[in-house]
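Just below is one structure, and these are the notes that go with it.
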Amino acid sequence: LNITLLAGGVGGAKAAEGLAFGRYAQRAKVIGNVADDDEFHGLWVSPDIDTLIYSLGGQIDRQQGWGRKGESHQTLKELAALGQDTWMTLGDLDLATHIYRTQLRKQGVSMSEITQRLATRHGVNLPILLPTDDTLQTRVKTPSGWLSFQEFFVREHCQPDVIEVAYQGADHATPNAAALAQLSTSDLIVIAPSNPVVSIGAILSIPDIRQAVIDSDAYVVAISPLIGGKTVKGPADKMLLSEGKSVDSKGIYDSYQGFLDGMVIDLQDAQEADWLQAQGVDVLVTPTLMKERDDKVNLLDQVVAFALDKQ
Ligand code: GDP
Ligand code: CA
């Protein structure tokens, strides 16, 4: 049994933990999102990959869902005193990760290799693959112009209307052979309850990666990031609307149309199951809010068992 998880940051890391500490731990690999990456203070920051590494390594700030626990912000304070923009909250421990990544990157070490070394340092037991080692960056068009993803997400707190989302570099990005091989040999592809546009959409913006999902014989199941028709957190709602999709199970289905075999929706959205089934999609209705590790493991064990049964 070979399982692939497509994952963004916070929602993705919850699902990754559910796999890493559940029944199928030895059978799974994660493909993460690199399109939220950006440079701050000369350092290359890879937020979604770090969220995966810190979560799986037990170093995450559980309250926030991102960043390091026991973090301090001395360096950022000093940078602010020097007149630098410090809206991107980078703690002292976290900065060590970014210094290390940037240094190796400059030496020509691939982003995949750097990710692996960081994962080893944190004792991560689930392999993390990157869709590409090239630079791929999400851009968000708002009424006042194009923003980088972090400008929109962190600096502007997702407030501006979203007109369009673009994935800069996607067409020229070389897909990683390891990610393509993983997808083509998967029996099961689980799409985490991540933002379908800027997390999963970004991974799938690389044409060969999307094609590998479409071509794969794997059963593809998506966990909806919506509960009661709302996002648990983050801008997935306005991003779905910017693509002309609805903020409900149909909008998630539309995002993954062409390769979706099954969908997992929350109990609160049970009334949407009939519509999905009418489209030929298998549906699992179950509580999907993941707070504690047990919630994550229970949900992911359930999702895998459901998919294996339907396959
Ligand atoms: P980001 O990269 O940190 O924005 O995180 P992701 O893209 O991986 O996940 C963001 C999505 O996760 C949001 O749309 C949330 O609604 C969803 N989400 C977060 N926690 C949960 C949860 O416990 N259950 C479900 N079903 N969705 C969640
Ligand atoms: Ca993200």
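The values are calculated or read from the model by the stated rules, or taken from the named source; none is laboratory data. Small disclaimer: the values here were computed from a predicted structure and weren't measured. Here Cβ is always computed from backbone atoms with ideal geometry, including for glycine, and neighbour counts include all displayed protein chains. Each accessible area value is taken on the protein alone, full model and side chains, heavy atoms only, with ligands, DNA and RNA left out. Shrake-Rupley method; radii C 1.70, N 1.55, O 1.52, S 1.80 Å.
Calculate the spin-label point distance for Leu241 paired with Lys106, positioning each point 7 Å from the Cα along the beta-carbon direction, and give it in nanometres.
Output for this residue pair reads 4.4 nm.
If you count, for each residue, the other Cβ atoms within 10 Å and average over each peptide, how do 169-175, 223-229, 95-101 line up from highest to lowest?
Most protected by this proxy first, the peptides run 223-229, 95-101, 169-175.
Subtract the Cα-Cα distance of Lys233 and Ala270 from 0.36 nm times their separation in residues, and report this length gain in nm to one decimal.
On the way: separation 37, 0.36 × 37 = 13.32 nm, distance 2.03 nm.
So the extension gain works out to 11.3 nm.
I need the GluC sites (Glu not before Pro) found in the stretch 1-87, filtered to DSSP loop residues with at most 16 other beta carbons within 10 Å of theirs.
Glu71
Sequence-distant or interchain residues sharing an amide H contact under 5 Å with Thr142, placed H: which?
For Thr142, whose amide H was placed from the backbone, the distant partners under 5 Å are Leu147, Ile163.
Over the C-alpha atoms of the stretch 91-143, what are the Rg and the largest Cα-to-Cα span, Dmax, in Å?
That works out to 13.5, 44 Å for Rg and Dmax.
Under 37 °C and 0.692 mPa s, how fast does the chain diffuse according to Stokes-Einstein, given a Kirkwood radius computed over C-alpha pairs? Answer in µm²/s, whole number. Write down the numbers at each step before the final one.
Numbers: Rh = 19.5 Å.
Rounded to a whole number, D works out at 168 µm²/s.
Under 8 Å for C-alpha pairs, at least 6 residues apart: give me the relative contact order for the stretch 8-92, rounded to a whole percent.
Numbers: 96 pairs, mean separation 20.1, N = 85.
About 24 percent, as a whole number.
Count neighbours as other Cβ atoms within 10 Å of each site's Cβ, and list the GluC sites (Glu not before Pro) in the stretch 99-187 that are DSSP loop with at most 15 such neighbours. If you can, show how the numbers build up before the last one.
On the way: sites: Glu113, Glu151, Glu156, Glu164; in loops: Glu156.
Taking the stretch 99-187 and a limit of 15 other Cβ atoms within 10 Å, the loop GluC sites (Glu not before Pro) found are Glu156.
Would you mind calculating the relative contact order of the chain from Cα pairs under 8 angstrom and at least 6 residues apart, reporting the percent as a whole number?
Relative contact order here is 20 percent.
Looking at Leu260, Gly280, Ser246, which one has the Cα that reaches farthest to the positive end of the dipole of the stretch 231-311 (charges on Cβ: Lys, Arg +1; Asp, Glu -1)?
Ser246
Using a simple spin-label model with points 7 Å from Cα along the Cα→Cβ vector, what separation in nm is obtained for Lys69 and Val154?
Taking the simple label geometry, Lys69 and Val154 are separated by 2.2 nm.
State to the nearest 20 debye the size of the charge dipole of the chain about its Cα centre, where the only charges are +1 on K and R beta carbons and -1 on D and E beta carbons.
680 debye
Find the accessible area per residue for the chain; the probe is 1.4 Å, ligands and nucleic acids are left out, and the unit is Å².
Each residue of the chain exposes 43 Å² on average to a 1.4 Å probe.
Place a +1 charge on the Cβ of each Lys and Arg in the stretch 94-190 and a -1 charge on the Cβ of each Asp and Glu, then give the dipole magnitude about the Cα centre in debye, rounded to the nearest 20.
That gives the stretch 94-190 a dipole magnitude of about 380 debye.
Go through the stretch 4-95 and name the trypsin sites (Lys or Arg not before Pro) that are in a DSSP coil and have 11 or fewer other Cβ atoms within 10 Å of their Cβ. Working shown, then result.
Values: sites: Lys14, Arg23, Arg27, Lys29, Arg62, Arg68, Lys69, Lys77; in loops: Arg23, Arg62, Lys69.
Those satisfying the criteria are Arg62.
Quick check on packing: order 138-147, 245-254, 273-282 by the mean number of other C-beta atoms within 10 Å, highest mean leading.
245-254, 138-147, 273-282
At a 1.4 Å probe radius, carbon and sulfur cover how many percent of the accessible area of the stretch 202-256?
48 percent
Can you work out the base-10 log of I(q)/I(0) for the stretch 1-80 at q = 0.20, 0.21, 0.27 1/Å, using the Debye formula on its C-alpha atoms alone?
-0.91, -0.97, -1.29
Given a cut-off of 27 Å, what percent of all Cα-Cα pairs of the stretch 87-217 lie beyond it?
Working: 2415 of 8515 pairs.
Pairs farther apart than 27 Å: 28 percent.
Carbon and sulfur: what percent of the stretch 87-152's accessible surface (1.4 Å probe)?
It is 50 percent, rounded to a whole number.
Classify the stretch 26-72 as rounded, prolate or oblate from the Cα gyration tensor: take a ≥ b ≥ c as the square roots of its eigenvalues, call it rounded if a/c is under 1.5, otherwise prolate when a/b beats b/c and oblate if not.
Oblate is the answer for the stretch 26-72, as a/c is 1.5 or above yet b/c matches or exceeds a/b.
Give the distance, in whole Å, between the Cα centre of the stretch 155-219 and the Cα centre of the stretch 1-75.
Taking the Cα centre of the stretch 1-75 as reference, the centre of the stretch 155-219 is 16 Å away.
Give me, ordered by chain and number, the residues 5 or more places off Phe40 or on other chains with an amide H under 5 Å from its own placed amide H.
Val45
Given a 1.4 Å probe and heavy atoms of the protein chains only, how would you sort Phe152, Phe21, largest accessible area at the top?
Numbers: Phe152 0, Phe21 80 Å².
Largest accessible area first, the list is Phe21, Phe152.
Of Lys69/Lys230; Lys29/Lys245; Lys230/Lys291; Lys233/Lys296, which pairs sit farther than 19 Å apart, going by alpha carbon to alpha carbon?
From the list (Lys69/Lys230; Lys29/Lys245; Lys230/Lys291; Lys233/Lys296), the Cα-Cα distance tops 19 Å for Lys69/Lys230; Lys29/Lys245.
Would you mind getting me the FRET efficiency between Ile214 and Glu78? Use the beta-carbon distance for r and R0 = 45 Å, nearest 0.05.
0.35
Do the sum for the chain: with -39,500 (n - 2.57) for every DSSP H run of n ≥ 4, divided by all residues, what is the mean residue ellipticity at 222 nm, to the nearest 500 deg cm²/dmol?
Value at 222 nm, helices only: -10500 deg cm²/dmol.
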